[in-house]
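Everything on this sheet refers to the single structure shown next.
The values are calculated or read from the model by the stated rules, or taken from the named source; none is laboratory data. Just so you know, these numbers come straight off a predicted model, no measurement behind them. For neighbour counting, all protein chains shown are included, and Cβ atoms are generated from backbone atoms with ideal geometry for every residue, glycine included. Only protein heavy atoms, including side chains, enter the accessible area calculation; ligands, DNA and RNA are left aside. Shrake-Rupley method; radii C 1.70, N 1.55, O 1.52, S 1.80 Å.
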Amino acid sequence: QVQLVESGGGLVQPGGSLRLSCAASGSIFSINAMGWYRQFPGKQRELVASITTGGSTNSADSVKGRFTISRDNAKNAVYLQMNSLKPEDTAVYYCNAAIKTTRWLPTTNYWGQGTQVTVSS
């Protein structure tokens with residue numbers, strides 16, 4: 001059983017900052033890529049940023065220069081530092097991790113429960 005637990009969402013004014021955290025727990029053999037996605041009402045989930053085990057990152061053009069993804073492999077955790085937030089960043093943010101629960105099973109994608117980020121004055 002694997003769980004991803006997110007924290008750090010909330011209400012912030014335009015131009016403000018928030019830091020999202022996500023920690024994986026349970027039966028974990030190894031974690032490959034980790035990432036953050038977001039979902040706007042009535043839209044499909046979209047990638048915000050991802051990070052490999054080695055620290056290589058990828059992010060959506062809409063957040064480049066404002067959001068930074070990082071991870072702590074020892075804590076099985078991934079973070080999203082969001083600066084210069086805009087109203088159009090308002091969405092539910094989901095943590096994602098590609099996890100092997102044993103050496104022999106294939107990698108499976110796991111999702112957090114989602115955390116609401118609202119940017120409004």
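Average accessible surface for the chain: 53 Å² per residue, computed with a 1.4 Å probe over protein heavy atoms with every protein chain in place. For the chain, the calculated P(r) over all alpha carbon pairs, in 5 Å bins from 0 to the bin holding the longest distance, is 2, 12, 23, 24, 19, 11, 6, 3, 1, 0, 0 percent. Figure legend: label point modelled 7 angstrom from the Cα of residue 113 along Cα→Cβ; residues of the stretch 27-46 with amide N under 18 Å from it are 27, 37, 39. Each pair of Cα atoms in the stretch 55-107 enters the Kirkwood radius, and Stokes-Einstein at 37 °C and 0.692 mPa s then converts it into a translational diffusion coefficient of 245 µm²/s. When only the Cβ of Lys, Arg, Asp and Glu is charged (+1, +1, -1, -1), the dipole of the chain relative to its Cα centre reaches about 180 debye. Between the listed residues 91, 51, 68, the Cα displaced farthest toward the positive end of the dipole of the chain, a dipole computed from Cβ unit charges relative to the Cα centre, is found at 51.
Taking the protein heavy atoms of the stretch 62-121 in the context of the full set of protein chains, the accessible area attributed to carbon and sulfur is 51 percent at 1.4 Å. Lysine pair count for the chain with Cα-Cα distance under 28 Å and sequence separation of 8 or more or different chains is 5. Where in the stretch 49-112 are there trypsin sites (Lys or Arg not before Pro) that are in a DSSP coil and have at most 15 other Cβ atoms within 10 angstrom of their Cβ? Sites meeting the loop and neighbour criteria: 64, 66, 103. The candidates 29, 40, 67, arranged from most to least accessible area with a 1.4 Å probe in the full protein assembly, appear as 29, 40, 67.
Counting only protein heavy atoms and using a 1.4 Å probe, the accessible area of residue 31 comes to about 20 Å².
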